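Peer 1: What follows is a structure written as structure tokens; I'll ask about it next.
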Amino acid sequence: MKIAVIGAKGLPPKQGGIEHYCAEVYPRMVEQGHSVDLFARSSYTDCSWQDPYDYKGVQVISLPGLHLRGVDAFITSALGAMAATAKKYDIVHFHALGPSLFTCLPKISNSTKVVVTCQGLDWQRAKWGSFSTRIIKMGEQAAVRFADEIIVVSEALSTYFSQTYARKTIYIPNAPANYGESDPNFGYGTQLGLKQGRYILFLGRLVPEKRPDLLVDAFCDLNPVGWKLVLAGGVSDTKSFTSSLLEKVANNRNIVFAGELRGSRLWEIVRGSGLFSLPSDLEGLPLAMLEAMREGIPVLASNIPPHQQLVSEGRGMLFEAGNRKSCIRNLDWAIHHHRELAAMAKNAQRHVQHNYSWDRITSETLKIYKTLHESEQVEILKHNQEGLAEVIGKK
């Protein structure tokens, strides 16, 4: 099959769940004999649209845009949809709700099937203004109307589409990235002034909906002896929020801002942490949490539905989302109950290893593609037979 991918910033992945998803799934599809073109943003790839390049068999085609928040994604998604329509792919797969605004375009070609993956309700994110929020909401509505299938990464999203639109979706969860080797001597962590097993890790973009500010406030109020808090993550169109957050922690020697980590440094800091905490108000299905769980790191998270799906049944701890006192109470318990937390981490590790696999995700996604493609071939054959019968009847 010929497959087009729209909505990812580009490959290789730098930050962002969609990019990591594409880096895992689409090379696997290429290995199975399929052709994949991924339409990317030149602002991300630093490549001209005239210079496509190969990433593990995936052809990455950079499209021009504008270096403005929201506008860049809008333009490249529109251009990608138009290019995909002109080339007549078998499958055009849109990732995220904003790009899905253009799901109607590939439908111009009757032989093309459209798939949308929703990683989260992006219109709820704090970084978007009212106009961008309306556009993303329109993208959601377009996906419901024009997509042949909608994939969701959490049970909560499946419930949302069912209750809001009476639209059936297919649930295929994300999976954690595969970590490589890291420094067994904990060299980079030592440089940051950390001790293994004696710090709480927040890993994710520093944006309002992930609530790193709540975790900072709870940690400062608790002030646990011998423990530190590490904030690791990049900035995503929320510079004023990040500046305010960093000003708050600037004079606290027990709070370390590690910035955006990749590769062996990321793996080392995750593996060395004593507790992984994600206090988000909004998530799809967080890859960072899945990775920590697979590495056997205990988890404390807010009790939003996607977190409940991952951490319930003795696989970690939950506190009331947005509630500072609840966060403090559970942080304090976690720090003083190492044995119980270790048992939870072991349960979580087994759960992730058994239920979340990129090979399985690729297989289930290809199953959707093949079903759609085969149904189209049947329709084409039926149409041709009807046309032939009509011609014969006229003779």
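The values are calculated or read from the model by the stated rules, or taken from the named source; none is laboratory data. Since the structure is predicted, the reported quantities are computational estimates derived from the model, not experimental observations. We place every Cβ from the backbone using ideal geometry, glycine too, and count neighbours over all the protein chains shown.
Peer 1: Being in a helix (DSSP H, G or I), aromatic (Phe, Trp, Tyr) and farther than 22 Å from Thr365 by Cβ is the filter here, so list the residues in the stretch 123-164 that pass it.
Peer 2: Within the stretch 123-164, Trp123, Phe131 meet the criteria.
Peer 1: Could you tell me whether Leu201 is in the same structural domain as Gly322 (by TED's automatic domain parsing), out of contact with any strand residue (DSSP E or B) (no Cβ under 6 Å at 6 or more places or on another chain), closer than 30 Å to Cys22 by Cβ and surrounded by 14 or more Cβ atoms within 10 Å (Cβ to Cβ)?
Peer 2: So Leu201 does not fit the description; no.
Peer 1: Now for a separate question. Among the numbered criteria (1) at pLDDT below 90; (2) on the phi > 0 side of the Ramachandran plot; (3) more than 22 Å from the chain's Cα centre (by Cα), which single criterion is violated by Gly226?
Peer 2: Condition (1) is where Gly226 drops out.
Peer 1: Would you point out the residue of the stretch 98-108, among those that are in a helix (DSSP H, G or I) and over 23 Å from the mean Cα position of the chain (by Cα), that is farthest from Asp122 (Cα to Cα)?
Peer 2: Ile108
Peer 1: Further, regarding this structure: Take the residues in the stretch 292-307 that are over 19 Å from the mean Cα position of the chain (by Cα) and hydrophobic (A, V, I, L, M, F, W, C), then tell me which one is farthest from Leu157 (Cα to Cα).
Peer 2: Within the stretch 292-307, the match that is farthest from Leu157 (Cα to Cα) is Ile297.
Peer 1: How many residues does the stretch 28-86 contain that are of a type in the set (Phe, Trp, Tyr), without any contact (Cβ under 8 Å) to a residue 60 or more places away in the chain and under 28 Å from Ala175 (Cα atoms)?
Peer 2: Residues meeting the conditions: 4.
Peer 1: On the given criteria, is Leu318 touching a residue at least 24 places away in the same chain (Cβ under 8 Å), of a type in the set (A, V, I, L, M, F, W, C) and either surrounded by 15 or more Cβ atoms within 10 Å (Cβ to Cβ) or in contact with a helix residue (DSSP H, G or I) (Cβ under 6 Å, 6 or more places away or on another chain) (or both)?
Peer 2: No; evaluated as a whole, the condition is false for this residue.
Peer 1: When you scan the stretch 262-274, do you find a residue that is under 30 Å from Tyr356 (Cα atoms), of a type in the set (Gly, Ala, Ser), within 18 Å of the chain's Cα centre (by Cα) and part of a loop (DSSP other than H, G, I, E, B), even just one?
Peer 2: Scanning the stretch 262-274, I find no residue that is under 30 Å from Tyr356 (Cα atoms), of a type in the set (Gly, Ala, Ser), within 18 Å of the chain's Cα centre (by Cα) and part of a loop (DSSP other than H, G, I, E, B), so the answer is no.
Peer 1: How do the pairs read when you match residues in the stretch 238-264 that are under 25 Å from Trp128 (Cα atoms) with residues anywhere that are surrounded by fewer than 19 Cβ atoms within 10 Å (Cβ to Cβ) and charged (D, E, K, R), using Cβ under 7 Å and keeping only pairs 6 or more apart or on different chains?
Peer 2: Thr238/Lys127; Leu245/Asp213
Peer 1: Quick one: Val71 ticks every box in (1) within 10 Å of Gly10 (Cβ to Cβ); (2) surrounded by fewer than 21 Cβ atoms within 10 Å (Cβ to Cβ) except a single one, so which number is it?
Peer 2: Failing condition for Val71: (1).
Peer 1: Out of the stretch 235-255, which residues are among the basic types (Lys, Arg) and modelled with pLDDT of 90 or more?
Peer 2: Listed by number, the list holds a single entry, Arg253.
Peer 1: Continuing with the same structure: Could you tell me whether Gln119 is polar (S, T, N, Q) and surrounded by fewer than 15 Cβ atoms within 10 Å (Cβ to Cβ)?
Peer 2: Considered against the rule, which asks whether it is polar (S, T, N, Q) and surrounded by fewer than 15 Cβ atoms within 10 Å (Cβ to Cβ), Gln119 comes out as no.
Peer 1: Among what's in the stretch 202-216 and is in contact (Cβ under 8 Å) with a residue 60 or more places away in the chain and in a helix (DSSP H, G or I), pick the residue that is farthest from Arg262 (Cα to Cα).
Peer 2: So the residue we want is Leu214.
Peer 1: Within the stretch 232-261, restricting attention to residues that are under 24 Å from the mean Cα position of the chain (by Cα) and part of a helix (DSSP H, G or I), which residue is farthest from Gly180 (Cα to Cα)?
Peer 2: Ser240
Peer 1: Out of (1) more than 23 Å from Lys370 (Cβ to Cβ); (2) over 19 Å from the mean Cα position of the chain (by Cα), what's the single condition that is false for Lys137?
Peer 2: (2)
Peer 1: Further question: For the stretch 72-98, what are the residues that are more than 20 Å from Thr371 (Cβ to Cβ) and among the hydroxyl-bearing types (Ser, Thr, Tyr)?
Peer 2: Thr76, Ser77, Thr85
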